[in-house]
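Take a look at the structure set out below.
The values are calculated or read from the model by the stated rules, or taken from the named source; none is laboratory data. No experiment lies behind these values; they were computed from the predicted model shown. Here the Cβ positions follow ideal geometry from the backbone for every residue, glycine too, while neighbour counts run over all protein chains shown.
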Amino acid sequence: MRLPSPISIENLLSIIQIDAIIKGDASNLISGINEIHSVEQGDLSFVDNEKYYDRMLKSDATVIFIDKNVDCPEGKTLLITPDPLQAYLKTVRHYISFHPQTEMIHPSAQIGEGTIIQPGTFIGENVVIGKNCLIHSNVSIYADTIIGDNVTIQSGCVIGADACYFQKRPDGWLKLDSCGRTVIGNDVEIGCLVCIDRGVSGDTYVGDGCKFDNLVQVGHDTRIGKRCLFGAQSAIAGCSVLEDECVIWAKSVVNKDLHIAKRTTLYALSGLDKSVTEEGLTLFGAPAIEARKKWREMAYLRQLPELAEEVKQLRSELEALKKKL
């Protein structure tokens, strides 16, 4: 998330009322807020997990809330505090807050020429919808969503809802408030009851020409390339990247934090748990592997009962031979 204007570290700590030890360059300015998956230079972020210390310290983040006194990389600022996530969330909540809405279409929404909005559709604050779109009834388009030209959204969709992003705490789950956006490109068609979540701090992005069947879920901060297709009940977890012309068939899932190469096809009822680096592969199974290899495995598995009977018969014959000898 970009800030309206850069802010000094001193001013930020005063606003959110957090006591922190400043280590490194105290003159750095903060121009954005992002968590680890989306950080850019000028961003404020946080880290509180041993697994991610090294990755965060080597990232583009300029200012970092951290709960460990470590060496500060050159050019960065570390803000050492017992609870980095709470400090980060206080910063987010200072800039982003929920505003109740009484109108079905917020006055700040921008709707392009030729776009049709059917009755019962909710459009939130700062939404931008392009030209010649068709938004069917009972669609909910949350705040800060951007939709391109020639987009069709069928009934019951939810675009831009909060991310499912929680941290386990001793007293339950702590929610990371979503301050990112949802961006839908041009010529996109979205079936009924599709949910595309907003980014936690960056953008969830759907490229031009993508097509969605019904009941598809797209997680936070996911980036989908151009002309991808998604079958019914498929799901893409948060922070994954799908390059152009991928096809995810019905009831298939892509795990979080994966990078999927161009023209990857994932057959129905499959589960992808690793990144795909080679372009144009066709995958199947759970976990998904190259489809032809999976089919051979399935063919061998179907032969197992007969092979087991043959082994049983051979053992019986061997025992009979032993007794004769």
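Among the residues of region 15-29, what is the count of those that are among the hydrophobic types (A, V, I, L, M, F, W, C) and under 17 Å from Gln86 (Cβ atoms)?
Counting residues in region 15-29 that are among the hydrophobic types (A, V, I, L, M, F, W, C) and under 17 Å from Gln86 (Cβ atoms) gives 5.
Yes or no, residue by residue, for (1) in contact (Cβ under 8 Å) with a residue 40 or more places away in the chain; (2) surrounded by 18 or more Cβ atoms within 10 Å (Cβ to Cβ); (3) assigned by TED's automatic domain parsing to the domain that holds Val151; (4) not basic (Lys, Arg):
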| position | (1), (2), (3), (4) |
| --- | --- |
| Ser178 | yes, yes, yes, yes |
| Val188 | yes, yes, yes, yes |
| Lys211 | no, no, yes, no |
| Gly225 | no, yes, yes, yes |
| Leu229 | no, no, yes, yes |
| Leu242 | no, yes, yes, yes |
| Tyr267 | no, yes, yes, yes |
Original post:
Among Asp43, Asp19, which is at pLDDT below 95 and among the charged types (D, E, K, R)?
Top reply: Asp19
**OP:** For Ile224, indicate whether it is more than 23 Å from Asn132 (Cβ to Cβ) and among the aliphatic types (A, V, I, L, M).
**Re:** no
Subject >> Residue identified as touching a residue at least 40 places away in the same chain (Cβ under 8 Å) and under 30 Å from Leu215 (Cα atoms) among Thr145, Thr115 >> reply: Thr145
Original post:
Are any residues in region 65-85 in contact (Cβ under 8 Å) with a residue 60 or more places away in the chain and under 22 Å from Lys175 (Cα atoms), and if so, which ones?
Top reply: Leu79, Ile80, Thr81, Leu85
Original post:
How about region 248-260: which of its residues are surrounded by fewer than 18 Cβ atoms within 10 Å (Cβ to Cβ) and aliphatic (A, V, I, L, M)?
Top reply: Ala250
Subject >> Asp197 being closer than 30 Å to Ile96 by Cβ, of a type in the set (D, E, K, R) and buried (at least 21 other Cβ atoms within 10 Å of the Cβ) >> reply: yes
**OP:** For region 145-162, enumerate the residues that are surrounded by fewer than 22 Cβ atoms within 10 Å (Cβ to Cβ) and closer than 18 Å to Arg223 by Cα.
**Re:** Ile146, Gly148, Val158, Ala161, Asp162
